[in-house]
């Protein structure tokens, strides 16, 4: 079995280097041979030098021109770059300023919304307060009105009760007075009928005057109940009224025989007599007494007699 030895790096590069050196030697040899066998030419050194100089000059001018162009370009490019940088910086600043302005505007809008909401809440609270005050005032007014109405009803009820009591008392007094008059008339008539004719005639005049006085008082009382006081009536006035009656006590007519000087008062007295209508007590008198005393009876009425 054969083993192959592994080559080192130096051994692997040896032949390529040898070949490269040999190739360069051959190239230099060929150049030397070509120069050796070349014909002699006139010297052209100045031309070559001029050309070289010109080339060098051109090369330097080109370099300088290129440098100048590059400088100009750099000079031109530098302001443009600086302008672009400034514009970019300015744009960034404007962008930052715009963003700051938007933020400020948003903050101001937020503050305005907060202030607006606070103002709305304040107004709502004030309106609620006013509504509560108005509601309380309405409740107080309603309570006062209700209390006033109840007091008014109570006063009216008390007044009605008092009037009813007064009317009942007055009616009772009138009934008692009327009964008293009737009792007197009945007693007088009974006494007239129980005695002899002479005595009856003697007493008739006396009792007739008494009965007449009682009936006159009755007439005044009945007329006062029907009388309605006119505004012109005054104490001290007096009017004489002629009362015409039938035997059953019906008042046939009433007229003024002597005026008080105040027509409304005169008319009120006449109307009161007519409103009485009928005096039933007249039926207790005999016909002769009635014809003599009450067929036509003059009565004088004064405001104080009628209840002024």
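Throughout, read-outs are computed from the coordinates displayed, never taken from laboratory work. Note that the structure is a prediction, hence the values are computed from the model and not measured. Every residue, glycine as well, gets a Cβ built from its backbone with ideal geometry; the counts of neighbours run over all protein chains shown.
Here each label is just a point 7 Å from Cα along the line to Cβ, and for residue 267 and residue 174 those points are 2.5 nm apart. When only alpha carbons are used to place a centre, segment 112-146 and segment 234-275 end up 70 Å from one another.
As a footprinting exposure proxy, order 273, 17, 300, 223 by other Cβ within 10 Å, with the fewest listed first. Intermediate values should be presented prior to the final figure.
Details: 273 23, 17 10, 300 15, 223 26.
Going from least to most buried by this count: 17, 300, 273, 223.
Label sites at residue 138 and residue 89, each approximated as a point 7 angstrom past Cα along Cα to Cβ, lie 7.2 nm apart. Taking other Cβ atoms within 10 Å as a rough exposure proxy, 132, 305, 266 sort from fewest to most as 132, 305, 266. All C-alpha to C-alpha distances of segment 106-171, sorted into 5 Å bins beginning at zero, yield P(r) values of 5, 13, 10, 8, 8, 8, 6, 8, 5, 6, 4, 5, 3, 3, 3, 2, 1, 1, 0 percent in whole numbers. Residue exposure proxy: 30, 237, ordered by other Cβ atoms within 10 angstrom of their Cβ from fewest to most, comes out as 30, 237.
Extension gain, residue 145 to residue 127, is 3.9 nm, computed as 0.36 nm per intervening residue step minus the present C-alpha separation.
State the extension gain, in nm to one decimal, for the chain segment bounded by residue 111 and residue 304, taking 0.36 nm per residue of separation less the distance between their alpha-carbons.
That pair, residue 111 and residue 304, stretches by 60.6 nm at full extension.
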